[in-house]
Structure formats: structure tokens, C-alpha cells
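First comes the structure, then the notes that go with it.
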Amino acid sequence: MYVGKAKNLRARLNSYFADPSSLHPRTHRMVHTATSVDWVVLDTEVAALQLEFSWIKEFDPRFNVMYRDDKSYPYLAVTVGEEYPRLQVMRGDKRKGVKYFGPFSHAWAIRETLDLLLRVFPARTCGKAEFVRARRIGRPCLLGDIGKCAAPCVGRVDAEEHRRIVDEFCDFMAGRTDRFVRRLEAEMYQASADEDFERAARRRDDLAALKRALEKQVVVLPDGTDADVVAFAADQLQAAVTVFHVRGGRIRGERGWIVDRPEGVTDGDLVHDLCTQFYGNQSGTDVPREVLVPALPEDADALAAWLSQRRGTRVDLRVPRRGDKRALAATVERNAEQALARHKLRRAGDLTARGKALEELAEALELPTPPLRIECFDVSQIHGSDVVAGMVVFEDGLPRKSEYRRFVVRGERTDDLGAMREVLTRRLSRIDESSEAVDTDGKAKRFAYPPQLLVVDGGAPQVAVADEVLQSLGIDTVNVCGLAKRLEEVWLAGEDYPVILPRTSEALYLLQRVRDEAHRFAISLHRRRRGKKMTASELDGIAGLGPARKKALLKHFGSVKRIRQADIDEIKAVPGIGDQLAETVARSLRGTGG
């Protein structure tokens, strides 16, 4: 059910067999499902890593963070184990006797690159049936006729020469590109000197094809850099993991996963699981010299030693701090963030998942019907200043942005509960549960239509405030709940304990998405208001002083302080400032400046 590695077994087990009420739901379920605990003592931490990897691969334990995805990435494969090696696009599990380059995001990217390189490295790309047929009839395929295959099937090159072509192709794909460019340039100039202009033109076109292929592989780090760059983007439930494969300083491919992120799993834990599971399935040559990660696990030294054993030479596991590698890590992180956003959008766009989420929510919260309209509120502030709140509306599990509202909290309210009380009172007092809520056209009046579920960002205190407001207004048709960030607990009014939804449930995912949208909406208003305050000037609000005249004053004096120190005659000297306006400016600034 679960495979783990620990230096201190007693401490590790104590963390699982604590007070059941304090355990995370996932850990609680794991402990109460298990019937026994077994362990093996090993001499070194590296040996423990090896055993952990082999057991995870063999038993596929349900409670380990697993790096699986829903697609098989394409590789550019070379069947070096055959007499006449073949170049092809290959997916699925890696096979013995095949050399792989990649992975790539799309198969068409491999085919485009391969089509360019076949001019320079005319190796076989046909299947076994086509090869045997061409050999039997003594005529090559179209690629042989146009020079994109050396045609070993009809004896134009022997097996030794064909393997030399394939070896050069593998060297080029491995990053050793400069010597091929120099060789083609030398052959082109030599052919031109020999007045063999047809051959020189072919080498010119070959050189152009080679350079176009190189352009497709973006140079991101100095030549010779051999690294995998890892980044995460996570919320409370899931994490998107993206890896860029850099070989010879060029991005050769990328790969990504969406994994569940149980409570308590840190970035270091995700790095540990990624390295053991991903590199454990790779051949030694596929393990890079450097693995750049966002955080180091506790067993970083042992993990680096284990990777070094698999590669056969030293592997550095580290966090990039500055320079080109740190910039590339930031790029990979942006890709991970976009991957997580795309994953959420795909789930949100699934009609079946939305229906299931609403049904699960109604069942878990004991609602009479699925909540077709959900409103969520979030307060945003910094130490009681610029207190604002956002209200978002989801109908049928989708955001209804035309119904969103923003609230500016007035008065001296420095706490979230007071602000939440004011905002909910302003909103809920507009609800009309009578027939007057519908106008003459049969449409609901703006802001009068009540939600079936009201969600607040917070725990029991915030829910108590919302319930108090509903009772004071005499509204008994609106259900209320709160979603606490730390453990994603769902709190109901008057309950001593929260509702714990399974972390994989569509209902929890919907509540989380509603809460996150309300937080985004509220904080955007808060930042805008703070930004306006930061750019405010003492010249604002002076009667008769518009933008052009303010700009003229500041250009002439350089600062508000110097305008305040100037006398009226000096202010009048500014173009556009008359006698009366100069007196108003001087009086206003000296009144505000003391």
C-alpha cells in the first residue's frame, strides 16, 4: 500500500500512529486500511533508495505519489541493434537495442527535424516489410530516389557504411554538431574550388538544412551543458511537474505530469519521488550530469549518489540560484503553471465532471438539491488598510463573470470578520425571495436572485458570521459553508467538526476553484486601490488644477516640496497659472504641509 524510506524508523512510524483525529484524511485512511508494517534494514541510504524504487515499480502502491500521465511521449528512436538500423518515431516503453532521443511534445516536431536531417544523414526510415520488398524487386522507395535514404536495401551502401551514417546521426542528435557544420562547409568550398558547382550546391543545401534543424533546438545554456531542469506549480490538491531536457546546451525535449499532492508533501518530497521513479526507468546514459530542482529533499546527498551510480559518473543535484540556469528554471516554472491552468480548465469544461461535483456537494453538505448558483466571498486587506471584498458567482459549475461584484469596506474595520459581516449584510439585504424578484420580462432582477449555496473563504468563525447575518435578515433558504485553506476542510454553521471531502472528489475541486477565483478577484481590486494611493499627489484635488497644469508645475519646480516653498509670484511664472490659481495652490499646499 505504501513504500517509504526512513533513517529513523521510530520517528517515521510515530508520525503515522499519532492521535487519529489529528491525522490527515489520506494518512488516516492508509493507517486504518493497513494490516501490518514490514521493514528491511540496509547498510547505506543509497541501497535503501534502490530498494524503494524497485518496490514502487513492482507493487505500484496506492498511497505513494506516482508520476503517471495520460499520454505516451514520442521519442526519436534508432534501432541500433539491427543490421541496418532504422530511424523512427516511437512511443511506449523503451526497448532493448534501441537508442532514444527526446522526449518531444509532438510527433510532428520529430518528423520535421528528421525530414531536414535525412538530407545530411540518409539513413533508413522504412519498416521491415518495405525493406524486404525493395530488396526483392531491386528498386528503392521514393526516399532512395530523391537522396534522403542511402538505399542499403538495393546495395547502394553496405551495412558498414550505413551504420557509419547512423552513428553520425546519433552524434549530431547527442549535441556534437559543430564538426558536421565545419565538414559540410569545407566540402562546399572544396567543391567550388574544384569547379564542381553541382556538388557545391548540394552541400550548400545540406548545410542550410542542418542549420534549420539546429534552429529548432533552442540554445539556452553554454555548449556542453547536460542537465534536466525541473519545476513545480501546485495548489492544495495537485501539482504540475515539468522537466526540460537540455543536452549540449540545447533543449532536446520536455515532459510533464499532473500528480496528486497529499497534505504534508513538500517540494523536496516531490523531487525525491520524481528522481527515483523517473530516472529509475531510464538507462544510465539518459541520466544527465546535472539535475536542477526547485528544492532539495532531505536525502539529497544519497539521491545524488544513487543517480551517479546509475549514470556511471558524478551527477549534481542542486537548486540554481543565479545566472542562465536560474533564468531557465523560471521559464520551466512558467510552463508548469500553464500546464496546471490547462489541467484545471479541462476539468472545469467537462460537463459530466461538473454535474458530478454538484451532486457530490449536495450529498456531502446535505443540501435538498444540487446548488446550481454558488456565491463565494473573500476579504482582502493589509493591516486594516484598503479593505475590500470580492463576490464571484458560479452557475452550473461555471463562472458567471457578469454577476461578479466588488465591495469597498468603509469605516474603521480592521478585522476580517467585521469586514465579512458588512459585506454579507450589504449583499444579502438585496435578496428578494418574493415574486417581486422577477421583473415584467420574467428575468431575475439584478442582485435580487438568491444563491443556493453561499461560500466564505475561511473556517468556523467566518461561517458563524455568515449564519448570523442570514438569521438577522430572516433568510432561511440560503445554505452556507466555509472552505479553510490549510487542510481544505469544509465548515458548516453550528457544527463542531468540519466535513472532510476526499481529496480526489469533484466537489472539493469545485469548491477550491470557487474559493481561488474569489481570492483572485478580491486581491486584484485591493492591488489596484493600493496602486492608486501610491501614485496620489498633494496636488490632487486642488480646484482649477488639472493634469496639464499639475504637469507644468512639477516640470518647473521638480517636486511638490519646492512648490510649497515658492512664493505666489514664482508660482504665477509657470505658464497657464494665473493670479487666483497661484494663490489657491499656495494656500492649499501650505495648509497640508504645516
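The table below lists the values:
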item: Length gained when the stretch ARG410-THR35 is fully extended (0.36 nm per residue, less Cα-Cα span); result: 129.2 nm
item: Pairwise FRET efficiency - ASP316 versus VAL154, Cβ, R0 = 56 Å, nearest 0.05; result: 0.70
item: Subset of LYS99/LYS325; LYS211/LYS325; LYS550/LYS572; LYS94/LYS325; LYS94/LYS211 violating a 20 Å alpha-carbon distance limit; result: LYS99/LYS325; LYS211/LYS325; LYS94/LYS325; LYS94/LYS211
item: In Hz, Karplus ³J(HN,Hα) per residue of the range 158-167 (6.51, -1.76, 1.60; θ = phi - 60°; x = Gly, Pro); result: 8, 4, 5, 5, 5, 5, 4, 4, 5, 4
item: Cut-off under 5 Å, modelled amide H: who pairs with ARG503 long-range; result: none
item: Extended-chain gain in nm, criterion 0.36 nm per residue less alpha-carbon gap, LYS401 and GLU45; result: 122.8 nm
item: Highest average packing first - 450-458, 131-139, 360-368, Cβ atoms within 10 Å; result: 450-458, 360-368, 131-139
item: Projected label distance in nm at ASP476 and THR266, using a 7 Å step from Cα toward the beta-carbon; result: 5.2 nm
item: Net length gained if the chain between GLN338 and ARG426 were fully extended (0.36 nm per residue, minus Cα distance); result: 28.0 nm
item: Tensor-based shape of the range 143-198 (alpha-carbon gyration tensor, a/c under 1.5 rounded, otherwise prolate or oblate); result: oblate
item: Calculated from backbone phi, Karplus (6.51, -1.76, 1.60) coupling profile of the range 293-307 in Hz, x at Gly/Pro; result: 10, x, 7, 9, x, 5, 9, 4, 5, 5, 5, 5, 5, 5, 5
item: Peptide ranges 506-518, 29-41 listed from the most packed, as the mean C-beta count within 10 angstrom indicates; result: 506-518, 29-41
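Every read-out reported here was derived from the displayed coordinates using simple, explicitly stated rules and does not represent laboratory data. Quick caveat: nothing in here was measured; it's all calculated off a predicted structure. Using ideal geometry, Cβ is built from the backbone for each residue, glycine included, and neighbour counts are taken over all protein chains shown.
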